[in-house]
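Colleague: Let me begin by handing over the structure; questions about it come next.
Just so it is clear, none of the values below were taken in a lab; they were calculated from the coordinates. Keep in mind that this is a model prediction, so the values were computed, not measured. Note that we place each Cβ from the backbone using ideal geometry, even for glycine, and neighbour counts take in every protein chain shown.
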Amino acid sequence: MDELRVVARFVAESAQEVLPVFEDAVPGDRRPRAAVDAAWEFVTGAKRTRLQRITSLDAHRAAKEADTEAVRLAARSAGDAASAAYLHPIAQAGQVGHILRATASAARVAELNAGDDPAVGDLLIERARQRATPTLINVLRRYPSAPTARTRVAQLMSTLDAALRASR
């Protein structure tokens, strides 16, 4: 559980950064906020419950309804934060997304907000690498490398994955 809390903290920190993007665009929709709040409850010692699962699914539904890429990624990051409490122990590459996708999504949101500037995303990926704890890196190393894909979020996630695995 302690390791899951470390992972959930890392994910929730990233989701927290971009939550205002969603809330500014859709001020009446509290689903992503509820997911981030549920993640923080788990991080700070509460038991893992249906709350994390339900709020994660709700935030992901909000992401599907979003009008822009930035708003969609912000909501998805919130859903990822809540679901981090349920990281699966089976070593599958897809599980890496539960650890790193919210951070990659937050970096992409920053890029979009800076006029689609990739240097901004690269800077945020480096900052995430620096805030990653040894425990987070050890958990990440139990899984195969992140799958590569063509989307910018997937590229950012692969970059972060490689950087963390190379960390000492």
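Colleague: Mind sorting SER77, SER105, SER167 by how few other Cβ atoms lie within 10 Å of their own Cβ, fewest first?
Modeller: Details: SER77 32, SER105 28, SER167 13.
Ordered from fewest to most neighbouring Cβ atoms within 10 Å, SER77, SER105, SER167 come out as SER167, SER105, SER77.
Colleague: Something else about it: Which whole-Hz couplings ³J(HN,Hα) result when phi for each residue of the range 149-155 is put into the Karplus expression 6.51 cos²θ - 1.76 cosθ + 1.60, θ = phi - 60°, listed in order with x for Gly and Pro?
Modeller: Values per residue, Gly and Pro as x: 8, 8, 5, 5, 4, 5, 5 Hz.
Colleague: Please work out the Cα center distance from the range 103-142 to the range 1-59, rounded to the nearest Å.
Modeller: Measuring centre to centre over Cα atoms gives 18 Å.
Colleague: Counting each DSSP H run of 4 or more residues in the chain as -39500 (n - 2.57), what helix-only mean residue ellipticity at 222 nm follows after dividing by all residues, to the nearest 500 deg cm²/dmol?
Modeller: Estimated from H runs of four or more residues: -24500 deg cm²/dmol.
Colleague: Would you work out if the range 84-168 is rounded, prolate or oblate? Take a ≥ b ≥ c from the square roots of the eigenvalues of the alpha-carbon gyration tensor; rounded if a/c is under 1.5, else prolate when a/b is larger than b/c, oblate otherwise.
Modeller: It comes out prolate by the Cα gyration axes.
Colleague: Under a crude label model (7 Å from the Cα following the beta-carbon direction), how far is GLU3 from ASP117 in nanometres?
Modeller: 3.9 nm
Colleague: Could you check the spin-label model distance between LEU57 and ARG141? Points 7 Å from the Cα along Cα→Cβ, value in nm.
Modeller: Label-label distance for LEU57 and ARG141, simple model: 3.6 nm.
Colleague: Just subtract the alpha-carbon distance of ARG127 and ASP67 from 0.36 nm times their residue separation and send over the number in nm, one decimal.
Modeller: Taking ARG127 through ASP67 to full extension adds about 18.8 nm, to one decimal.
Colleague: For the pair ARG30 and ARG165, what calculated FRET efficiency results from E = 1/(1 + (r/R0)^6), where r is the Cβ-Cβ distance and R0 = 41 Å, to the nearest 0.05?
Modeller: 0.65
Colleague: What dipole magnitude, in Debye to the nearest 20, does the range 72-143 give about its Cα centre under +1 on Lys/Arg Cβ and -1 on Asp/Glu Cβ?
Modeller: My answer is approximately 320 debye.
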